[in-house]
Amino acid sequence: MQNYYFNLTLTRDEMLRYYQGQVQAIVVTTLTGVRVQFPAMHLRQYMTTSGINGKFCLKTQNNKFFSLIKVSV
């Protein structure tokens, strides 16, 4: 299993594009400089009225999405 840590800040308006289906995936750069992509739907549980803000851990297994965990604000 591989862990990727990254910070993410998206406004409510930016997240609206994902909800409307205009964008299907999120691409982030990890704290170690690696670019990773994962389905945007996995961020829905972390959405607030102001958007999304925090440090996350993306876990993959065999280069496939396994889980996404918010580790801090």
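Looking at the structure I just gave you, is T30 in contact (Cβ under 8 Å) with a residue 24 or more places away in the chain, exposed (fewer than 12 other Cβ atoms within 10 Å of the Cβ) and touching a strand residue (DSSP E or B) at 6+ places or on another chain (Cβ under 9 Å)? Can you show your working first?
On the way: in contact (Cβ under 8 Å) with a residue 24 or more places away in the chain: yes; exposed (fewer than 12 other Cβ atoms within 10 Å of the Cβ): no; touching a strand residue (DSSP E or B) at 6+ places or on another chain (Cβ under 9 Å): yes.
Answer is no for this residue.
Here's the yes/no breakdown for (1) surrounded by 14 or more Cβ atoms within 10 Å (Cβ to Cβ); (2) in contact (Cβ under 8 Å) with a residue 24 or more places away in the chain:
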{"residue": "N7", "(1), (2)": "no, yes"}
{"residue": "M15", "(1), (2)": "yes, yes"}
{"residue": "G21", "(1), (2)": "no, no"}
{"residue": "A25", "(1), (2)": "no, no"}
{"residue": "I52", "(1), (2)": "yes, yes"}
{"residue": "L58", "(1), (2)": "yes, yes"}
{"residue": "N62", "(1), (2)": "no, no"}
{"residue": "F65", "(1), (2)": "yes, yes"}
{"residue": "K70", "(1), (2)": "yes, yes"}
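Kindly indicate whether I69 is under 17 Å from R12 (Cα atoms), of a type outside the set (F, W, Y) and not in a helix (DSSP H, G or I). Outline the logic, then answer.
Details: under 17 Å from R12 (Cα atoms): no; of a type outside the set (F, W, Y): yes; not in a helix (DSSP H, G or I): yes.
Criteria not met by I69.
Taking the range 36-66 on its own, how many of its residues are in a strand (DSSP E or B) and of a type in the set (S, T, N, Q)? Talk me through it step by step, then tell me what you get.
Initially, the range 36-66 is screened for residues in a strand (DSSP E or B), giving 36-39, 48, 51-61, 64-66.
When the remaining residues are screened for being of a type in the set (S, T, N, Q), the result is 37, 48, 53, 60-61.
Counting residues in the range 36-66 that are in a strand (DSSP E or B) and of a type in the set (S, T, N, Q) gives 5.
Test of understanding: among R35, R44, R17, which residue is of a type in the set (D, E, K, R), on the phi < 0 side of the Ramachandran plot and in contact with a strand residue (DSSP E or B) (Cβ under 8 Å, 6 or more places away or on another chain)?
Values: R44 fails: in contact with a strand residue (DSSP E or B) (Cβ under 8 Å, 6 or more places away or on another chain); R17 fails: in contact with a strand residue (DSSP E or B) (Cβ under 8 Å, 6 or more places away or on another chain).
Result: R35 is the single residue among R35, R44, R17 that is of a type in the set (D, E, K, R), on the phi < 0 side of the Ramachandran plot and in contact with a strand residue (DSSP E or B) (Cβ under 8 Å, 6 or more places away or on another chain).
Output the number of residues of the range 37-71 satisfying the condition of being within 13 Å of the chain's Cα centre (by Cα) and farther than 11 Å from N3 by Cα.
Step one: of the range 37-71, the residues within 13 Å of the chain's Cα centre (by Cα) are 37-47, 51-60, 65-71.
With the extra rule that they be farther than 11 Å from N3 by Cα, the set shrinks to 37-47, 51-55, 70-71.
Matching residues across the range 37-71 total 18.
Each value in this text was obtained by applying a stated rule to the coordinates, not by laboratory testing. Bear in mind that the values here come from a model prediction, so they are computed numbers and not experimental data. Neighbour counts are summed over all protein chains in view; Cβ atoms, including those assigned to glycine, are modelled from backbone coordinates with ideal geometry.
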